[in-house]
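Below: one structure, written as structure tokens.
The values are calculated or read from the model by the stated rules, or taken from the named source; none is laboratory data. Quick caveat, the model's predicted, so the values are computed rather than measured. Methodologically, a virtual Cβ is constructed for each residue, glycine included, from the backbone with ideal geometry; neighbour enumeration extends over all protein chains shown.
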């Protein structure tokens, strides 16, 4: 980890120190809260349905929406840890500048996908704004907003990774230039 005054290199990513810490703390807290709420909701649903024979209509809806939000915002952590499932048999054989260039191209492709996902997710969420959920009677845009939120979160990490790789490529050029003189 290389530190500057306001930037931190974490693995392959360079992020604003305070912004990254705030986002991580918020997402970690929200993820824990959503997980606990989902657990309690499922337990309540099972208890009321099978013990009291009086099922609650809202429990499965709440658990489903919490699962959607936690799964999609959880992709931020997977992206941050660089742990997405991918085929690396070509990239693993590369090193130095070629590897960085392939990583940049890969991150640009992911960023393009995230841009489409975010835009279309936003359009979908806005189209669903007037539709109400059956049990909770909340706007259907609430569960669908998880799509553009996840796209923005992952997109920021992709941009940071691209920036990090570009700096490394530039650093390699400078080091090659100094070594040849």
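Looking only at the range 95-110, residues that are over 20 Å from residue 27 (Cβ atoms) and either touching a residue at least 12 places away in the same chain (Cβ under 8 Å) or surrounded by 14 or more Cβ atoms within 10 Å (Cβ to Cβ) (or both) come to 11 in all. Scanning the range 80-121 for residues being part of a helix (DSSP H, G or I) and within 16 Å of the chain's Cα centre (by Cα) gives a total of 15.
If you go through the range 143-167 and keep only what is in contact (Cβ under 8 Å) with a residue 24 or more places away in the chain and closer than 21 Å to residue 60 by Cα, you end up with 143, 145, 146, 147. If you check residue 118 against the conditions, is it surrounded by 13 or more Cβ atoms within 10 Å (Cβ to Cβ) and either touching a strand residue (DSSP E or B) at 6+ places or on another chain (Cβ under 7 Å) or more than 25 Å from residue 22 (Cβ to Cβ) (or both)? So residue 118 does not fit the description; no.
Residues in the range 127-137: is at least one surrounded by fewer than 18 Cβ atoms within 10 Å (Cβ to Cβ), in contact with a helix residue (DSSP H, G or I) (Cβ under 7 Å, 6 or more places away or on another chain) and in a helix (DSSP H, G or I)? No, the range 127-137 has no match at all. Is one or more of the residues making up the range 67-79 more than 14 Å from the chain's Cα centre (by Cα) and within 26 Å of residue 26 (Cβ to Cβ)? Checked the range 67-79: at least one residue is more than 14 Å from the chain's Cα centre (by Cα) and within 26 Å of residue 26 (Cβ to Cβ).
The condition of being out of contact with any helix residue (DSSP H, G or I) (no Cβ under 7 Å at 6 or more places or on another chain), modelled with pLDDT of 90 or more and farther than 25 Å from residue 63 by Cβ holds for only one of 140, 112, that being 112. Exactly one residue among 19, 47 is part of a helix (DSSP H, G or I), surrounded by fewer than 17 Cβ atoms within 10 Å (Cβ to Cβ), at pLDDT below 95 and out of contact with any helix residue (DSSP H, G or I) (no Cβ under 7 Å at 6 or more places or on another chain), and that residue is 19.
In the set 53, 82, only one residue is in contact (Cβ under 8 Å) with a residue 60 or more places away in the chain and loosely packed, with under 14 Cβ neighbours inside 10 Å; that residue is 82.
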